[in-house]
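The values are calculated or read from the model by the stated rules, or taken from the named source; none is laboratory data. As the structure is a computational prediction, the values presented were derived from the model and not from experiment. Cβ sites come from the backbone with ideal geometry, for glycine too, and all protein chains shown count toward neighbours. SASA here: full protein model, heavy atoms, side chains in, ligands and nucleic acids out. Shrake-Rupley method; radii C 1.70, N 1.55, O 1.52, S 1.80 Å.
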Amino acid sequence: MSGGTDTVTASEAPAGRARRDPLGRDFGKLWTAAAFSNLADGIGRTAVPLIATTLTRDPLAISVIGALAFLPWLLFGLPAGMIVDRFDRRIIMAAANVLRFGVALWLAILTATGGLELWALFVGTLVFGLGETLFDNATNAVIPGVVKRRQLDRANGRMQAAQITIDMFVAQPIAGVLFAISLALPLWIGSAGYLIPIVLALLLPVAAARPLRDESRVVDAGAPDVAAGGPVAEPVPASQTPSGTSAREALSYLWHHKYLRAMTLYTSLVGSALSFAQAATLLYFLDDLGVKEFAIGFVTAGIGVGALLGSLVAPRLVSRFGRGPVMLGANVGAALGLGLTGLAPEVFSACIAYAFGAFSISVWNVPWGALRQQIVPQRLFGRVLGIIRTLTWGMFPIATVLGGWAAQSSLRLPFVAAGVFIIVATILGARLLVAGTRRAGAEVESARG
C-alpha cells in the first residue's frame, strides 16, 4: 500500500514536523498520474456494471464482473511484482495505462455500434484488472523512492484520498449521468483519462525507476539506523546482496516473516468478507432500495464521503494511537458499517451505514500500506507486494461470486453475513494487530514509546 536495507527502519518524526515537510514535486507527478488513472477507473467501474444491467439482472452474472476485476491478482499478482522489481517502474506504469486505454476504446466502439455482448464486458474487465496489477504494484513501489520514510503514512493517505475523491465524488457521479445520456459515452471519456498518466509516469525521476541500490535514500537525514525496527523487531533471514528478481527470494522472505505472513492471511479473510458483501451492491441499491440508474453515482459519492474522511484522518489517528490499535478499530467499524447497511430500511440510512464502513476501510488501508513499505526491503518490495496481493486479492473473485450466489436469495444477506464474520475475525485477531505490529517493528516511532 519499504525503503531501507534488509534490516533497517527509520524513526518517525512528530506529526507536526511531518505536516510541515513538503512531499515534493516528484510525489506531485506520481499523485497526478494516479489521480487521472483513478478518474478513468472510476468511470469504468460504474459504467461497466450499469451497462451489464441492460443485458441481465441476474445478481450472479453481475457479480462475475466484480470477480473478474480481481482475478488477475490471483493469476498475475506475483509475475507483476517480479516485473516491477526488474524493469523500469515508470515504463510499467505507462504500459499498463496504454493497455487499459486500448480495452476501454474497444468496449466504447462495441457499445456505440450495437455489437456489445456480456462476454465482451467480461473480457474487458479482465484486461482492466491485468493493467491494474501492473499500475498499482508499480505505484506502490515508487512511493518510497520519492518521499522520505517519515512521510510514508501521509503519502499513502494523500494517494488514497485522491483515489476516493476522484473515483467516488467525480468519476462515479459523472459516469451515471453520462450513462443516462448514452451507453457508450462514459467509455469514451474513460478511455481518454488513461492518456495523461502515460506522460506523467515517464516524467518521474530516476529514483522511481528501479529498486534503490543505495536504500538509505529514503532514510531521513540525521535519523539513526535501527536494526529491524528496534530491539523488539522480528529477525528475518534475507540475503545481504541483490539476487536478481527471483520469486523464491521474496517467498522465502514473506514465509520467514511471521508477522507479515500472519497479516497476509488475516487480511485475505477480512478482504474476502468485504468482497462477499459488495458483490451485489449495485442491484441492492437499484432493486431493493429503488435508486434510479442515473442517480447511482450520486449515491456512491455520498458513501465516498466516509471513505475520504477515513483516508484524511488516518495519518493523524496513526500518529496518536499507533498502527495496530487503529487497524483494530477500523475492523470493528467496517463490521458495523456493513452489517447495518444490510439492515437499513431505506436508502438514506443505508448510505450512512455504508459510508461508515467505507470510512473504516480507508482508515485500515493507510497504516497497512505504510507498514509494508517500512519493513519490506525496497529491492524485494514489488515481488513481496505481488505475493501478498496474490494471496489476498486472489481470493476476492471466489468471495465475490459466492456473494452474488447468496444475493440471489436476498440482496441484504451478504452485508449482514460479512459484518458478523469480520467482527468475529477482529476479536480473534486483536493480539496480532496490536501486539504483533509492535513486536515486528511495524509501528510508528511515537507508538513504540
(message) How large a share of the accessible area of the chain, in percent, is made up of carbon and sulfur atoms when the probe is 1.4 Å and the other protein chains stay in place?
(response) 69 percent
(request) Round to the nearest 0.05 the FRET efficiency obtained for F348 and R431 when R0 = 35 Å and r is the Cβ-Cβ distance. (result) 0.40
(request) Provide the FRET efficiency to the nearest 0.05 for the I398-W106 pair, computing r from the beta carbons and using R0 = 41 Å. (result) 0.90
(message) Helix-only mean residue ellipticity at 222 nm, the chain, DSSP H runs n ≥ 4 weighted -39,500 (n - 2.57), per residue, nearest 500. What is it?
(response) -23000 deg cm²/dmol
(message) Taking a ≥ b ≥ c as the square roots of the Cα gyration tensor eigenvalues, with a/c under 1.5 meaning rounded and otherwise prolate when a/b beats b/c, else oblate, which class fits the stretch 332-449?
(response) prolate
(request) Provide the packing ranking of 266-272, 425-431, 284-290, i.e. peptides ordered by the mean count of other C-beta atoms within 10 Å per residue, highest first. (result) 266-272, 284-290, 425-431
(request) Tabulate in residue order the Karplus-calculated ³J(HN,Hα) for the stretch 132-141, using 6.51 cos²θ - 1.76 cosθ + 1.60 with θ = phi - 60°, rounded to whole Hz; enter x for Gly and Pro. (result) 5, 4, 6, 5, 5, 4, 5, 4, 4, 5
(request) List, in order, the whole-Hz ³J(HN,Hα) value for each residue of the stretch 412-422 obtained from phi through the Karplus relation with A = 6.51, B = -1.76, C = 1.60 and θ = phi - 60°; use x for Gly and Pro. (result) 8, 4, x, 5, 5, 4, 5, x, 5, 4, 5
(message) Please compute the contact order of the stretch 253-379 in relative form: average sequence separation of alpha-carbon pairs under 8 Å and at least six residues apart, divided by the residue count, as a percent.
(response) 28 percent
(request) List the residues whose amide H sits under 5 Å from the amide H of G24, counting only those 5 or more places along or on another chain, with H placed 1.01 Å from N in the peptide plane. (result) none
(request) Give me the accessible area per residue for the chain, probe 1.4 Å, as a whole number in Å². (result) 39 Å²
(request) Using per-residue counts of other Cβ atoms within 10 Å, averaged over each peptide, order 60-69, 385-394 from highest down. (result) 385-394, 60-69
(message) Need the list of lysines near K258 for cross-linking: C-alpha distance under 29 angstrom, and skip anything on the same chain fewer than eight residues off.
(response) K148
(message) Apply the Karplus curve 6.51 cos²θ - 1.76 cosθ + 1.60, θ = phi - 60°, to the phi angles in the stretch 391-403 and return the couplings in whole Hz, x for Gly and Pro.
(response) 6, 8, 5, x, 7, 4, x, 5, 5, 5, 5, 4, x
(message) Quick check on the stretch 101-156: what are the equivalent-ellipsoid semi-axes from the Cα gyration tensor, as sqrt(5λ), descending, whole Å?
(response) 36, 10, 8
(request) Mind checking the full-extension length gain between A247 and F321? Use 0.36 nm per residue of separation minus the Cα-Cα distance, one decimal, nm. (result) 23.1 nm
(request) At a temperature of 10 °C and a viscosity of 1.306 mPa s, determine how fast the chain diffuses translationally according to Stokes-Einstein, using the Kirkwood radius over alpha-carbon pairs as Rh; express D in µm²/s, rounded to the nearest whole number. (result) 73 µm²/s
(request) Can you work out the PRE-style zone for W405? Point 7 Å along Cα to Cβ, and I want the residues of the stretch 265-281 with backbone N under 14 Å. (result) 276
